[in-house]
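One structure below.
Since every read-out is calculated from the coordinates, none of them should be taken as a lab result. Predicted model only: the values in this text are computed from it and were never measured. As a convention, Cβ positions derive from the backbone with ideal geometry for all residues, glycine included, and neighbour counts pool all protein chains shown.
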Amino acid sequence: MKVGTSGLVALLVLLSGCVPSNPDTDTFDDKSLRTAGAALSQTRTVSGLLQTSYDGRMLRPTALAQLRYSEDSLDTATGAFTELNPPSARDAQYTRLSTLLGEAGDLVAEARIAVERSEEARYPRLVDRLDALASKLERLEGRLR
Amino acid sequence: MKKLFAVALGILTAIGGFVDIGDLVTNATVGSRFGLSLAWVVVLGVVGIAVFAEMSGRVVAVSGRPTFDIVRERLGPRVGLVNLFGSMAVTLLTYTAEIGGIALALELGTSVWSYFWIPFTAAAVWVVLWRAKFNLLENAFGLLGLALLVFGVALWQLGPDWGQLWHTASTAAKPSPEPWPTYWYYAVALFGAAMTPYEVFFFSSGGIEEKWSPASIPTMRSNVLIGFPLGGTLSISIAACAAVVLLPAGIEVESLGQVALPVAVALGQLGLAVAILGFFAATFGAACATGLSVGYSIAQYLGWTWGKSVRPRDAARFHAVVLLSTLLAALVLLTTIDPILVTEFSVVFSAIALPLTYLPILIVANDPSYMGRHKNGALANTLGSIYLVIVLAASLAAIPLMIWTKVGTT
C-alpha cells in the first residue's frame, strides 16, 4: 500500500513538470527580469558580431557559430517564458516581453541569414534595429528591477 | 645555460598551461557581470594553488613517490579512498568540460557544430595520451597556450580607464544590480577554477615522470612562484577584457564566442585567430592533464604501474582507465549537454572537493619520516593552515549558494 502511494506521489510530481507553471507575482517578475536580461545579452552580442563583421574584424566561422548559439539561447529563454501562465495583474508585462522576445528571435534569424549569405550591405541596418530593440529590452529590464 | 633554459621553459609552460576552460569561462563570466570586483579571488586562488603545488612538488622531489600513494599509506585506505573519490570525480567532470572546450574552440574556428567534433577530439586526446611523450605534450600545449596572452594585448589596445579598473579591483566594488549571494557564488566558482585539484595531481605526478630529486626543488619553485602568478595575471586580463567590452553592453557570457568578442573588437581577425588558437591549446593541454590525472589518481591509490615514462604495455591498467574516462567523457558530451554548463558545474564541484585534496597534502608535507629536513617550514604551515580554513569555507558554502542563486542566474 505504502509503495503504491509513494508511486502515485512520484508520478504526480513527475507529471507536474509537464504542466505550464502558474507562478505568483514575485516569481513571475523574477522570471521576467531574468528573461529580459538574457534577451538583452544575446541581442547586444549579435549586434556586436555584425558590427565587427562589417568592420572586417570578425572571422566568418566564428560569427556563424556564435549566431547559432545566440539563436538557440534566445529560443530557450523565449520558450521557458512564453509557456508560463502569467498572474492576471501581469498580462501587459507578459504581452510586452513576449513581443520583444519574438522580435529578437526574428532579428537574430535575419542576422544569421545575412552573415551566411555574406550580405554585408544589410549589416548596418540590422545593427540599428538590434540596438533599438536592445534599448527597449534595457528599459523594460530597468522597470522590472 | 641549459639549466636557465629549463627554468625559462618551465615558467613559460606554467603560464601557458595555467588557464583551462574553467578559467576561461568563469573569468569572462565574472568580468562581464562584476567587472574586476572579484579580481581579489583570482589573487587568493593563485597564492593558494602555488602554496599547495609547491608542497606536493616538494613531497615528490624528496620522497620520489606520488601523492596518492603516500596519502593512502599515511592516512589509511579509508581516508585515502574518500580523498580519491572526491578528487577523481571532480577531475573526471573537468576532463569532460575540457574535451567539450576543444570542440567549442574548433566550432569557433570552422563554424561546424561542436557536437560533430566531440568524437574526433576525444579520439585525438586519447591518441596523444597514448603515444606522445610527457615532455612533448606538457611543453607543446603549454607554449601554445601562451597565445592567450592576446587578451593582455587586447586589453592594452582597448585603452581602458586604468584608474577605474584598479579602483574596482582594489575596492572589490560590486556592481549595484547584482545581488550579494550571486557575488559570493561566483567568488567560490572563481576560487574553485583557480585551485582545481587536478593541477596539483598533474604537477606532482609530472615530477615523478620527470624524475625530480631534491636538486629539482629550486627549478620547481621557480615554475610555481613565477609561472602561476603570471598565469593568474592572464586570467585577470580575460576578466578585464570582458569588463571593458561586455559589461557596459549588458552582455553576460554564456559561450566561448562571447569570451573572444573583446579580442575581435580590439585586434580584429588576426587577434581573434590567435585567441581561438589559445582556446584550443589551453583546453587540449588541460584535457591531457585531466585525462592523465584521472589515471594517475586511481593507479597511485591502487599501487598499479602508471605513467608516460613506462611502456604502455607495462602500464596497461593505467591506460585502460584513461581510455574508459575518455569514452565516458565523450558519451556524456554526446547527450548534447552544453559544455559550458559542464564547466560551470566542474568549477563549483572543484571548490567542494578542495579540502579532500589539500588537507592530506598538508599532513604528508609535515611528516618528517617522508620529508626529512625538507618538511614544511613555518611559512608553508601558516599559509597552508590559513588556506585550509578558506577552502573549507568555500567547500561548505558552494552547494547552498548554488541552490540560492539558481546556479548564478539570479
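What the table shows:
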| item | result |
| --- | --- |
| Charge dipole magnitude, Cβ of K and R +1, D and E -1 - chain B, Cα centre, debye nearest 20 | 1200 |
| Which of B:TYR183, B:SER32, B:ALA315, positive extreme of dipole for the stretch B:2-404 (C-beta unit charges) | B:ALA315 |
| Estimated D of the stretch A:22-144 in µm² per second, where Rh is the Kirkwood radius over Cα pairs and Stokes-Einstein applies at 10 °C, 1.306 mPa s | 108 |
| Kirkwood hydrodynamic radius of chain B, from inverse mean 1/r over distinct Cα pairs, in Å | 21.0 |
| Percentage relative contact order, the stretch A:22-144, counting C-alpha pairs under 8 Å, at least six apart | 44 |
| Sparse-neighbour loop sites [GluC sites (Glu not before Pro); the stretch B:196-272; at most 13 other C-beta within 10 Å; DSSP] | none |
| Ellipticity estimate at 222 nm from DSSP helix runs (n ≥ 4, -39,500 (n - 2.57)) divided over chain B, nearest 500 | -27000 deg cm²/dmol |
| Per-residue average of Cβ from other chains inside 10 Å of B:273-280 | 1 |
| Pairwise label distance in nanometres, B:SER369 with B:PHE5, each label 7 Å out on the Cα-Cβ vector | 4.3 |
| Size of electric dipole in the stretch A:22-144: Cβ of Lys, Arg +1 and of Asp, Glu -1, about Cα centre, debye, nearest 20 | 320 |
| Within chain B, longest stretch free of exposed trypsin sites (Lys or Arg not before Pro) [DSSP loop, at most 14 other beta carbons within 10 Å] | B:212-405 |
| Average other protein chain Cβ within 10 Å of Cβ, residues B:313-322 | 0 |
| Gain upon complete extension [A:ASP72, A:SER21; 0.36 nm per residue less C-alpha separation] | 16.1 nm |
| Spherically averaged projected area in nm², based on the convex hull that wraps the Cα atoms of the protein assembly as shown | 28.0 |
| Shielding score for B:263-269, defined as the mean number of other chain Cβ atoms within 10 Å | 5 |
| Dipole of the stretch B:63-113, positive direction: furthest Cα of B:GLY100, B:ASN83, B:TRP113, with charges on the beta-carbon | B:ASN83 |
| Longest segment of chain A lacking GluC sites (Glu not before Pro) that sit in a DSSP loop with at most 12 other Cβ atoms within 10 Å | A:1-82 |
| Electrostatic dipole magnitude of the protein assembly as shown [Cβ: Lys, Arg +1; Asp, Glu -1; Cα centre; debye, to 20] | 1580 |
| Two-site FRET efficiency, B:LEU270 against A:GLU119, from Cβ-Cβ distance with R₀ of 25 Å, rounded to 0.05 | 0.55 |
| Most positive-pole-ward Cα, B:ASN223, B:ILE352, B:ALA147, against dipole of chain B from beta carbon charges | B:ASN223 |
| Label-to-label distance, nm, for residues given as B:LEU136 and A:ASP91 (7 Å Cα→Cβ offset) | 7.1 |
| From phi via Karplus (6.51, -1.76, 1.60), per-residue ³J(HN,Hα) for the stretch B:97-106 in Hz, x at Gly/Pro | 5, 5, 5, x, x, 4, 4, 5, 5, 5 |
